[in-house]
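Shown next, in structure tokens, is the structure this report addresses.
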Amino acid sequence: VCGAQTTVNAPLIGGPVLRGYSVSDYNLAVGDELRVTLFWQGVAEALPRLHSFVHVRNLSPDDPLNPRSGDGIWAQQENYAPGGRVTDQYQPGKLYVDEFRVRLPEDMPPGEYFLEIGLFDPATGEQLDPVAEQVKPPLGILWRSLLLPNLTVQ
């Protein structure tokens, strides 16, 4: 995929296909801005309106929780029109570039973190499941989302 650091083929059930991604840096300091670009490809089936997300979250339930949210997500962003277009208008085979800029909080503990991405239905809050047998390294799956390679925060 032109413009992507890594090309993948990771379909989501009832959604588009993740065809590639780029990450500004996997080694960051607190306060840094993480830039993530996802490349979604439209499919033949009609899609509902979906929102995309990027989360920087704890690797373990024993890791410290974010004091602002009370959960393991330390930084996040949602896009209401992934790739600049609502997903129910995606065209089959066309690529949509979905860009995120996520600031890491100053009080984030140093360590290794999941870089979690996915799509969800804003009406129900339900995330779309990856097609597990088609998710290959360097991607992984966490519950109902895709994992990019982990981040290290210093």
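The values are calculated or read from the model by the stated rules, or taken from the named source; none is laboratory data. Remember, predicted model here, so these are calculated numbers, not experimental data. No Cβ is skipped: glycine too gets one built from the backbone with ideal geometry, and neighbour counts run over all protein chains shown. Surface areas here come from the heavy atoms of the whole protein model, side chains and all, with no ligands, DNA or RNA. Shrake-Rupley method; radii C 1.70, N 1.55, O 1.52, S 1.80 Å.
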When restricted to Gly20, Gly15, Gly3, the only residue modelled with pLDDT under 95 and closer than 16 Å to Pro82 by Cβ is Gly3
Which of the residues spanning the stretch 88-108 are of a type outside the set (D, E, K, R) and in contact with a Phe, Trp or Tyr (Cβ under 8 Å, 6 or more places away or on another chain)?
-> Tyr90, Leu95, Tyr96, Val97, Leu104, Pro105, Met108
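This table checks each residue for (1) at pLDDT 95 or above; (2) at positive phi; (3) open to solvent by less than 70 Å² (accessible area, probe 1.4 Å); (4) part of a loop (DSSP other than H, G, I, E, B).
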| position | (1), (2), (3), (4) |
| --- | --- |
| Arg35 | yes, no, no, no |
| Ala44 | yes, no, no, yes |
| Ser52 | yes, no, yes, no |
| Leu65 | yes, no, no, yes |
Sole exception among (1) touching an Asp or Glu at 6+ places or on another chain (Cβ under 7 Å); (2) under 21 Å from Gln134 (Cβ atoms) for Leu59, by number = (2)
Just give me the residues in the stretch 67-96 being within 30 Å of Gly111 (Cβ to Cβ) and either open to solvent by less than 20 Å² (accessible area, probe 1.4 Å) or in contact with a helix residue (DSSP H, G or I) (Cβ under 8 Å, 6 or more places away or on another chain) (or both), in sequence order.
-> Gly72, Trp74, Ala75, Pro82
All but one of (1) part of a loop (DSSP other than H, G, I, E, B); (2) at positive phi hold for Met108; which doesn't?
-> (2)
For Val8, indicate whether it is crowded, with 18+ Cβ neighbours inside 10 Å and in contact with a Gly (Cβ under 7 Å, 6 or more places away or on another chain).
-> yes
Go over the candidates Gly15, Gly20 one by one and state the one that is in a strand (DSSP E or B), open to solvent by less than 20 Å² (accessible area, probe 1.4 Å) and not β-branched (Val, Ile, Thr).
-> Gly20
Restricting the first residue to the stretch 138-154 and requiring it to be among the basic types (Lys, Arg), which pairs with a second residue that is not in a strand (DSSP E or B) meet a Cβ separation below 6 Å and a spacing of at least six or different chains?
-> Arg144/Asp129
When (1) under 21 Å from Thr7 (Cα atoms); (2) open to solvent by 20 Å² or more (accessible area, probe 1.4 Å); (3) in contact with a Ser or Thr (Cβ under 8 Å, 6 or more places away or on another chain); (4) not basic (Lys, Arg) are applied to Leu142, the one that fails is (3)
Gly70 being within 20 Å of Trp143 (Cβ to Cβ) and not β-branched (Val, Ile, Thr) | yes
Only one residue in Val1, Val30 is open to solvent by 10 Å² or more (accessible area, probe 1.4 Å), touching a residue at least 60 places away in the same chain (Cβ under 8 Å) and within 24 Å of Ala132 (Cβ to Cβ), so which one is that?
-> Val1
How many residues does the stretch 89-146 hold that are in contact with a Lys or Arg (Cβ under 8 Å, 6 or more places away or on another chain), more than 24 Å from Ala29 (Cα to Cα) and among the hydroxyl-bearing types (Ser, Thr, Tyr)?
-> 1
